[in-house]
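Comments concern the structure below.
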Amino acid sequence: MKKIIYLSIVALTIISCKKETKVDYTILSGKIINKELKSLVLRNMSNQNTIDTVNLTTNGNFLDTLNTKPGKYVLFDGENSTKLYLDTGYHIHITYDVNDYENSLELSGVGADASRYQLAKEKKLTELFGQPSTVYTLYEDAYKAKMAEIKTANLNLLNEYESIDTLFLKKEKRNLAYEYLVSLTKYQNYHAYYTQKDDFRVSKGFLSELDNLSVENADDYMFSSAYKNLVSSITMKLADKYATNDSIDYGLAIIKSISNIKNEDVKNSLLFSKVKSNIAFTDDLEAFYTAFNATSTNNMHKAKIKEHYDILKLVSKGQPSPKFSGYENYNGETTSLDDLKGKYVYIDVWATWCAPCKAEIPFLKKVEKTYHDKNIEFVSISVDAEKDYHKWKTMVKKEKLSGIQLIADKSWKSKFVESYLIKGIPRFILIDPQGNIVSSNAPRPSDPKLIDLFNELGI
């Protein structure tokens, strides 16, 4: 990435801007006060990819040119995230005091209004939305009126920033409409939660405004996380239908639903995202991988998914399981997978902060009690960070967790965890008495299919 070093170059750049000379780069400059930093990280908000590392001087100043496409980005200092909208020709100056980030943050310069608007929009949303427990308990008409009020307020706010460029203005107006639609999709679940009415369903026609929404707009998909959310929701509902009506693996149903999208950019982006997060959970890796390759037209995505596929092939059914060795157990001693040979091993990978993990605990206790005298060991491996070691010890004691309780040696970076390509928890693994994999994605304790599997194996 090209660096601007001399002030004379900056001056020439500014003069060039005044003469309306077209440039193909963005300039970021600024100063971070009260924190010793060597660099900042710039990420693309659309895919969280790191775009650049911005170096700082010893007094916290920075100045960098970026070859970025128009879009939303996040500048991260390790603690604070500054959301930005960047485009070619912009020169945005950022200053803040780390000890008072919210009150001291200032954005100025050419093109800064779009970023300043986004910052003001977040603050206004906090003011307008209020307490979730109050908003989500509103009746349908009142809730819709509240969401429409927020949309209108944001439109008025947007119009206050007169120097925002036309392209951003048009996209953001559409984004506000998408955000309104997303708020409608949230209502049923949140209303049920806050009113404690688990069987609540919205009335017929409540979501009719989504009926004719196109999933083919690539510009909006890259610009608006709300639109991306809606496209994902639409395709996932279609996947549910395919999985049920066609009796196919859910992962294959997801790929089939996405294959209906005609726009290559939208299709490839959504496909890559869903396949990356679901490939470790599919029941038929070969069919899933083949279907992905037949659907995607993005070679970079294909190469990345192949990396995942190659890892998962090594932990497919019948393969020798990767091993963990010397993991600390609750008693302060160590346990290795080899210590458990001769028995089936049902492994629960979890963490104290993981709500879905904790929801499985009562079911796991019940299964452990039922099979306590059978040829099977129940092992729970925590991926809690080193700083949460005492939280792990406390929770094991408080919840009276049984089985073999272990903590991974390097959290998510543990070799055993990485070998199974574990990106989400809880994750359950079943290994046979010879140390071979029965299932790298075994049913959860709450799933009746687990007992069916145990019965099939004669445990």
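Sorting GLU79, GLU399 from the fewest to the most surrounding beta carbons within 10 angstrom yields GLU79, GLU399.
Label zone of LEU157 (point 7 Å out along Cα→Cβ, amide N under 19 Å): in segment 84-112 this covers 84-86, 101-108, 112.
Here is how the number arises for the chain: DSSP H runs of 4 or more residues each give -39500 (n - 2.57), the sum is divided by the residue count, and the result at 222 nm is -14000 deg cm²/dmol. With the alpha-carbon atoms of segment 67-119 aligned to their principal axes, the span from lowest to highest coordinate is 32, 20, 16 Å, starting with the largest. Overall, segment 149-313 carries a charge dipole of about 140 debye about its Cα centre when +1 sits on the Cβ of Lys and Arg and -1 on the Cβ of Asp and Glu, all other atoms neutral.
Full extension of the chain segment joining LYS38 with ASP97 gains 19.7 nm, where the gain is 0.36 nm per residue of separation less the Cα-Cα distance.
Mind jotting down the distance between the C-alpha centroids of segment 233-284 and segment 375-424, whole Å? The two parts, judged by their Cα centres, are 31 Å apart. Using all pairs of distinct alpha-carbon atoms, the Kirkwood hydrodynamic radius of the chain works out to 25.8 angstrom.
Charged neighbours of ASP339, selected by a Cβ distance under 13 Å, balance to 0 (K, R count +1; D, E count -1). Each label point was placed 7 Å from the Cα along the Cα-to-Cβ direction; for ASP199 and ASP310 their separation is 5.4 nm.
Over all projection directions, the Cα-based convex hull of segment 327-457 averages an area of 7.3 nm². Taking a straight line from the alpha carbon of LYS146, these aspartates and glutamates sit under 19 Å away, with near neighbours fewer than eight places off in the same chain left out: GLU122, GLU127, GLU179, GLU209. When you restrict to C-alpha pairs under 8 Å that are six or more residues apart and normalise by the size of the chain, the relative contact order lands at 9 percent.
As a rough footprinting exposure proxy, the listed residues TYR346, TYR371 were ranked by other beta carbons within 10 Å of their own, and the order from fewest upward is TYR371, TYR346. If I fit a long axis through the Cα atoms of helix 112-129 and take the longest principal axis of the Cα atoms of the chain, what angle between them do I get, 0 to 90°, rounded to 10? Approximately 60 degrees, to the nearest 10. Taking 0.36 nm per residue of separation and subtracting the Cα-Cα distance, full extension of the segment from LYS397 to ALA142 would add 87.2 nm. Here the Karplus relation 6.51 cos²θ - 1.76 cosθ + 1.60, evaluated at θ = phi - 60°, turns the backbone of segment 98-110 into coupling constants of 4, 6, 8, 4, 4, 7, 9, 4, 10, 10, 9, x, 5 Hz, with x for every Gly and Pro.
Values in this text are rule-based calculations from the coordinates and carry no lab data. From a predicted model like this one, the values you see are computed outputs, not experimental measurements. All Cβ positions, glycine included, derive from the backbone under ideal geometry; neighbour counts span all protein chains shown.
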